[in-house]
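**Student:** Sending over a structure as structure tokens; questions will come in a sec.
The values are calculated or read from the model by the stated rules, or taken from the named source; none is laboratory data. Since the structure is predicted, the reported quantities are computational estimates derived from the model, not experimental observations. Glycine gets a Cβ as well: all are built from the backbone with ideal geometry, and neighbour counts include every protein chain shown. We work out accessible area using only protein heavy atoms, side chains counted, and drop any ligands, DNA or RNA first. Shrake-Rupley method; radii C 1.70, N 1.55, O 1.52, S 1.80 Å.
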Amino acid sequence: MTSPTNSGTGITTVYKVTGMTCGHCEGSVSQEVSAMAGVTSVEAVAATGLVTVVSAGPLDDEAVRAAVDEAGYELAGRA
């Protein structure tokens, strides 16, 4: 498990999401996580199952889990 890193433009956190298989999956996860307060960018990659989130401040893992669940996928934890 990795800790969030502060890149100067925000805090970057990488999560492992299971169930993503295509570009539509990536878009669904990105859309739900992007809607969270403080999130400035999201990159979801179905091939690796990794979702990279840049936010203004630390994110609550349970809030991220809820957003991923809403998209129809499962948050396995931080990568």
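**Student:** Under the Karplus relation 6.51 cos²θ - 1.76 cosθ + 1.60, θ = phi - 60°, what is the ordered set of whole-Hz ³J(HN,Hα) values for the range 46-53, x standing for Gly and Pro?
**Tutor:** Taking θ as phi minus 60°, the curve returns 4, 4, 9, x, 9, 10, 9, 10 Hz for the range 46-53.
**Student:** Something else about it: Scan around residue 76 for amide H atoms under 5 Å from its own, H built in the peptide plane at 1.01 Å from N, and keep only partners 5 or more places away or cross-chain.
**Tutor:** Those lying under 5 Å, H to H, from residue 76 are 16, 17, 18.
**Student:** Where the accessible area of the chain is counted over protein heavy atoms with a 1.4 Å probe, how much of it, in %, is carbon and sulfur? Don't skip to the end; give the middle numbers.
**Tutor:** Details: 2200 of 4210 Å².
In the chain, the share of accessible area belonging to carbon and sulfur is 52 percent.
**Student:** Would you grab the residues whose amide H sits under 5 Å from the one on residue 36? Only those 5+ places off in sequence or on another chain, please, with H modelled 1.01 Å from N.
**Tutor:** none
**Student:** Let me ask something else about it. Quickly estimate the mean residue ellipticity at 222 nm for the chain, helices only: each DSSP H run with n ≥ 4 gives -39500 (n - 2.57), and the total goes over all residues, rounded to 500. Provide the component values of the computation, followed by the final result.
**Tutor:** Values: 2 runs with 23 residues, N = 79.
Mean residue ellipticity, 222 nm, calculated: -9000 deg cm²/dmol.
**Student:** With axes computed from alpha carbons, what is the tilt in degrees of helix 61-71 against the longest principal axis of the chain, rounded to the nearest 10 within 0 to 90?
**Tutor:** Roughly 30 degrees between the two axes.
**Student:** Please give the direction-averaged projected area of the C-alpha convex hull for the chain, in square nanometres with one decimal.
**Tutor:** On the way: hull surface 17.5 nm².
Reported value for the Cα convex hull: 4.4 nm².
**Student:** Would you mind counting up the charge near residue 73? Only other residues with Cβ under 13 Å from its Cβ, with Lys and Arg at +1 and Asp and Glu at -1. Present the calculation step by step, with values, prior to reporting the outcome.
**Tutor:** On the way: positive: 16, 65; negative: 26, 32, 69, 70, 74.
So the environment of residue 73 carries a net charge of -3.
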